[in-house]
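One structure is given below, encoded as structure tokens.
The values are calculated or read from the model by the stated rules, or taken from the named source; none is laboratory data. Here the structure is a predicted model, which is why all the values come from computation and not from measurement. For neighbour counting, all protein chains shown are included, and Cβ atoms are generated from backbone atoms with ideal geometry for every residue, glycine included. Accessible surface is based on the protein model in full, side chains and every heavy atom, while ligands, DNA and RNA are left aside. Shrake-Rupley method; radii C 1.70, N 1.55, O 1.52, S 1.80 Å.
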Amino acid sequence: MTDQMKRRGKVLADDLSAHLRGRILSGEYQPGDAITETGVAAEYGVARPSARNALERLIFDGLLVRHAHAALKVRIVEQSDVPELLSLLEFFERSAVKRILENDYDLRELRKASSGSLPKFLHTLVVSCGSERLIQFHRQTMFALLLAPGTSHQGETGEQVNTLQLELTDGLFRMDREFVLESLAALWSVRTNERIAAEDFAS
């Protein structure tokens with residue numbers, strides 16, 4: 001297989017996994033739904049190795065779980081898991097802030113993200129610290145939270161959130177640890193309150 005063919009196969013698997021990920025997170029596929037390699041290959045008109053590679057990415061993201069007899073199903077997250085997931089996200093985000101404050105990282109992408117949704121901003125914060133392990137764990141935990149019942153799939157983009165995000169970013173540029181941690185705690189409060197509001201609306 002040539003390098004060009006390998007690159008083409010990787011791009012196809014990336015595109016396919018991104019599309020399937022969107023369908024899972026939008027609720028088109030429900031927790032517990034089975035997704036098969038042959039089904040994906042037939043639906044998208046791709047070879048089975050491409051379908052397999054795409055599904056392996058979703059397993060890595062924690063969105064799909066392999067069950068007995070190699071059946072893949074959309075991960076089930078219970079409402080009772082939400083407090084633990086939120087605590088994990090806070091731990092990863094606090095750890096990212098600590099790394100950023102201790103090192104000289106490029107924060108230009110974080111500044112760009114400060115005008116966007118809260119989930120994207122907080123993930124960009126973790127990405128900015130440069131730790132592949134933290135990035136992976138944060139991404140998987142964020143996806144798990146999005147699978148929980150009553151979760152809003154739309155990121156918060158209100159003026160208050162954007163102001164807090166910008167303030168946190170400015171605090172990191174100034175290396176003002178106390179201010180950054182206060183801003184981060186305020187964003188966590190928004191995230192928790194937005195989840196509660198989404199759940200109230202759903203009930």
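Numerical summary
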item: Residue satisfying all of: in the range 53-80; among the acidic types (Asp, Glu) and not in a helix (DSSP H, G or I); nearest to Asp14 (Cα to Cα) among these; result: Asp61
item: Residue count for the range 80-94, restricted to those that are open to solvent by 50 Å² or more (accessible area, probe 1.4 Å) and either in contact with a strand residue (DSSP E or B) (Cβ under 9 Å, 6 or more places away or on another chain) or under 15 Å from Phe137 (Cα atoms) (or both); result: 5
item: Residue count, the range 38-49 (criterion: under 23 Å from the mean Cα position of the chain (by Cα) and farther than 13 Å from Leu20 by Cα); result: 0
item: Flag if Asp104 is acidic (Asp, Glu), more than 19 Å from Trp188 (Cβ to Cβ) and without any contact (Cβ under 8 Å) to a residue 40 or more places away in the chain; result: yes
item: Subset of the range 159-178 [charged (D, E, K, R) and assigned to a helix (DSSP H, G or I)]; result: Glu159, Glu167, Asp170, Arg174, Arg177, Glu178
item: Residues within the range 156-185 that are surrounded by fewer than 17 Cβ atoms within 10 Å (Cβ to Cβ) and within 20 Å of the chain's Cα centre (by Cα), tallied; result: 3
item: Pairs, first under 15 Å from Gly27 (Cβ atoms) in the range 72-83, second surrounded by 16 or more Cβ atoms within 10 Å (Cβ to Cβ) and small (Gly, Ala, Ser), C-beta under 7 Å, six or more apart; result: Arg75/Gly62; Arg75/Ala144; Val77/Ala144; Val77/Ala148
item: Count of the range 95-123 residues which are aromatic (Phe, Trp, Tyr) and open to solvent by less than 50 Å² (accessible area, probe 1.4 Å); result: 1
item: Members of the range 16-47 that are without any contact (Cβ under 8 Å) to a residue 12 or more places away in the chain and either touching an Asp or Glu at 6+ places or on another chain (Cβ under 6 Å) or within 19 Å of Gln136 (Cα to Cα) (or both); result: Ala18, Gly22
item: Of the criteria (1) within 15 Å of the chain's Cα centre (by Cα); (2) acidic (Asp, Glu); (3) open to solvent by 20 Å² or more (accessible area, probe 1.4 Å); (4) within 23 Å of Arg174 (Cβ to Cβ), which one Glu132 fails; result: (4)
item: Out of Val40, Val65, Val77, sole residue that is of a type in the set (Val, Ile, Thr), open to solvent by less than 70 Å² (accessible area, probe 1.4 Å) and in contact with a strand residue (DSSP E or B) (Cβ under 8 Å, 6 or more places away or on another chain); result: Val65
